[in-house]
Amino acid sequence: QRPRPPAGSESAGMIAQLGMYDAPSNRAANDRLWAAIRARLGYGPRRLNRDIAPDQGWRRSDLLLSQTCGYPFRAHLAGKVALIGTPDHGLDGCPPGYYRSVFVARADDPRTCLADFDRARFAYNDALSQSGWAAPRHHAGRIGLSFGPLVCTGGHAGSARAVLQGRADLAALDALSWQFLRRDHEWTAGLKPVAETAPTPALPYICAPDRDAGALFGAVSGAIGDLSAADRETLALCGVVRVPEAAYLAVPTPPGSDAPQPQD
């Protein structure tokens, strides 16, 4: 492991990111979370890096802290990054450190049961998304449901809007993203939940493999406690837990789920 830089140093050459739930309404709270983590560590970059897309930072040797999705973690990152821990968002019906997907349709769609959406147009955010593609694809396969034409949107908000605007009939959203979208956007009243997937491990915090993941876990845990109650509520952060790597690797990946063919 690398020696710790001196306390208070600029820690040049390190990057830290918290980009997975960095909606505009969350950014100030994420900045304060990072400041608290850095204070606990005694080193690290002064600011979060928002210039590099999260997936471009995951394998960097200068990565101090980031957050990834469970699907790319098990498919591409396990053994190449260090697992720090998993945030607990206190989501209803989920164990600590777990989350699920919510299927949404237009509020005025007469269909009320997921089975009614067989062959419906499906909006998904990314082919390597656990909540937006792999989990709903696995869930649909279990109940004999097939998706119709696919609409690749690039994000959960885009998937929700695709359904609202009639470009798709159904989408699956990360339950926490759905919670934030409902909090921040009145237009979500035009959507309704129709089903949920089974819980799977939530988006893990990771670092470069030669970082001190144990020290980072302690810093993240302490920093969440250091946040104001308002910031914890804004970020829906209850704490950080240790979900074993094996739990991520055990999540099923449907055949062909890493390369759906968009029709947008």
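Within the stretch 103-129, if we keep just the residues that are buried (at least 17 other Cβ atoms within 10 Å of the Cβ) and small (Gly, Ala, Ser), the residue that is modelled with the lowest pLDDT turns out to be Ala127. Just so you know, in the stretch 46-66 the residues that are out of contact with any helix residue (DSSP H, G or I) (no Cβ under 8 Å at 6 or more places or on another chain) and open to solvent by less than 70 Å² (accessible area, probe 1.4 Å) include one that is nearest to Glu233 (Cα to Cα), and it is Pro54.
In summary, Arg211 fulfils each of the numbered conditions (1) under 23 Å from Tyr71 (Cβ atoms); (2) basic (Lys, Arg); (3) under 19 Å from the mean Cα position of the chain (by Cα) with the single exception of condition (3). Spot the failing condition for Arg142; the list is (1) at pLDDT 95 or above; (2) open to solvent by 50 Å² or more (accessible area, probe 1.4 Å), and only one is missed. Unmet condition: (1).
Pairs meeting the criteria (first residue in the stretch 213-239 and aromatic (Phe, Trp, Tyr), second residue open to solvent by less than 40 Å² (accessible area, probe 1.4 Å), beta carbons under 9 Å, at least 6 apart or on different chains) are Phe217/Ile84; Phe217/Gly85; Phe217/Tyr205; Phe217/Val240. For the stretch 91-102, enumerate the residues that are touching an Asp or Glu at 6+ places or on another chain (Cβ under 7 Å) and either within 21 Å of Arg182 (Cα to Cα) or surrounded by 20 or more Cβ atoms within 10 Å (Cβ to Cβ) (or both). Within the stretch 91-102, Gly97, Tyr99, Arg100, Ser101, Val102 meet the criteria. Kindly indicate whether Glu196 is under 18 Å from Ala120 (Cβ atoms), acidic (Asp, Glu) and either touching a Phe, Trp or Tyr at 6+ places or on another chain (Cβ under 6 Å) or open to solvent by 50 Å² or more (accessible area, probe 1.4 Å) (or both). The answer is yes for Glu196. Against the criterion of being at pLDDT below 95, surrounded by fewer than 15 Cβ atoms within 10 Å (Cβ to Cβ) and either within 18 Å of Ala36 (Cβ to Cβ) or not hydrophobic (A, V, I, L, M, F, W, C) (or both), Gly256 qualifies. Scanning the stretch 80-90 for residues that are among the charged types (D, E, K, R) and buried (at least 16 other Cβ atoms within 10 Å of the Cβ) returns a single hit, Asp88.
Residues being crowded, with 18+ Cβ neighbours inside 10 Å and part of a loop (DSSP other than H, G, I, E, B): count how many of those fall in the stretch 145-168. Count: 4.
The one condition from (1) surrounded by fewer than 17 Cβ atoms within 10 Å (Cβ to Cβ); (2) more than 18 Å from Asn30 (Cα to Cα) that Trp133 does not meet is (1). Against the numbered list (1) closer than 30 Å to Gly85 by Cβ; (2) open to solvent by less than 10 Å² (accessible area, probe 1.4 Å); (3) in a helix (DSSP H, G or I), Ala171 comes up short only at (3). When Ala75 is tested against the conditions (1) surrounded by fewer than 18 Cβ atoms within 10 Å (Cβ to Cβ); (2) at positive phi, the lone failure is (2).
The values are calculated or read from the model by the stated rules, or taken from the named source; none is laboratory data. Worth saying up front: this structure is predicted, and the values here are computed from it rather than measured. Using ideal geometry, Cβ is built from the backbone for each residue, glycine included, and neighbour counts are taken over all protein chains shown. The protein model used for the area step is the full one, side chains on, heavy atoms only, and it has no ligands, DNA or RNA in it. Shrake-Rupley method; radii C 1.70, N 1.55, O 1.52, S 1.80 Å.
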